[in-house]
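Handing you this structure, nothing more for now.
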């Protein structure tokens, strides 16, 4: 049976931490009412994102849908680039949810699935237009945010729990004061230094 798959990423731009790719797979006869009220993760509050993540987990346990999130490390980003890291995350997620080559795959923005997924469609602002992408975006964002909060306990001086690794003033000042941690993306910091 053909299923619908939605894919999105979170954390393309931060100066630290992994990039997260989320994929959600639902049956063609999945109850569309489940998605009522979902939006692009950036337009939901942190509480609402946690709520949706909880609903996705329940639905996964009940066998109604499947989802996976792949965190691709800053080491991979530094070695191979952010585009490669996101492609790797997409491949890993599709394997985890046992996506079929016949599934209809929807991707946000400029993302692409491996070529063997012949029924794929990249949609600009797909996280706003296609609910299964919106849920993938929420799962990716919640997983990455939780990871960064944990990382903040290891490196309290950077305030990762506040900015999640994005290049806020607070974060940039912490890097200037303490230097980069092992979890910083060295290639992104080089760009930062060249802009100053």
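Just need a number here: residues in region 127-141 that are surrounded by fewer than 24 Cβ atoms within 10 Å (Cβ to Cβ) and in a helix (DSSP H, G or I).
3
A further question follows. Tell me, yes or no, whether region 27-42 has at least one residue that is on the phi < 0 side of the Ramachandran plot, in contact with a strand residue (DSSP E or B) (Cβ under 6 Å, 6 or more places away or on another chain) and part of a strand (DSSP E or B).
Yes, region 27-42 contains at least one residue that is on the phi < 0 side of the Ramachandran plot, in contact with a strand residue (DSSP E or B) (Cβ under 6 Å, 6 or more places away or on another chain) and part of a strand (DSSP E or B).
Determine whether residue 77 is under 22 Å from residue 116 (Cβ atoms), at pLDDT 95 or above and either part of a loop (DSSP other than H, G, I, E, B) or in contact with a strand residue (DSSP E or B) (Cβ under 8 Å, 6 or more places away or on another chain) (or both).
So residue 77 does not fit the description; no.
Another question, then. Which one of these is modelled with pLDDT of 95 or more and assigned to a loop (DSSP other than H, G, I, E, B): 99, 56?
Answer to the check: 99.
Another question, then. Quick one: in region 147-162, of everything that is touching a residue at least 24 places away in the same chain (Cβ under 8 Å) and either in contact with a helix residue (DSSP H, G or I) (Cβ under 7 Å, 6 or more places away or on another chain) or assigned to a strand (DSSP E or B) (or both), which residue is farthest from residue 70 (Cα to Cα)?
My answer is 158.
The values are calculated or read from the model by the stated rules, or taken from the named source; none is laboratory data. The structure displayed is predicted, hence computed values, not measured ones. When we count neighbours, we look across all protein chains shown, and the Cβ atoms used for this are built from the backbone with ideal geometry, even at glycine.
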